[in-house]
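Bear in mind these aren't lab numbers, they're just calculated from the coordinates by the rules spelled out. Treat the numbers as computed from the prediction; the structure is a model and nothing was measured. Virtual Cβ from ideal backbone geometry, glycine too; neighbours counted across all protein chains shown.
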Amino acid sequence: MGLVLFALNILFFLVIARIIISWLPPGGDFVESARRFLMTTTEWLLGPVRRVVPPLRLGGAALDLSPLIVIVGIQLLSGFLFSLS
């Protein structure tokens, strides 16, 4: 059970890091490497959520709610699993 909670925590922080790095402008080898790593490690989870809940159109911009939904889901699942142990 502890390993599953640990994995959920890692996934939580990867999604948070992806949100933060999406705000940074492109550039630099380190930032682009980190961006590719975070996209690769989180897209398998965010992509299906994004297909069910498409980004909200706000004029010329779009607000992607999939990271928020995934974070809430991770927190709910972690709380449930923690209560079982």
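Couple of notes before you dig in:
- Considering only 62, 17, 34, the Gaussian network model of the chain with Cα springs below 10 Å gives its largest mean-square fluctuation to 62.
- Using a Förster distance of 30 Å, the FRET efficiency for residue 4-residue 62 (Cβ separation, nearest 0.05): 0.35
- Inverting the pair-averaged 1/r between distinct Cα atoms of segment 1-63 gives 13.4 Å as its Kirkwood hydrodynamic radius.
- Net charge of Cβ neighbours under 15 Å - reference residue 67; Lys, Arg +1; Asp, Glu -1: +2
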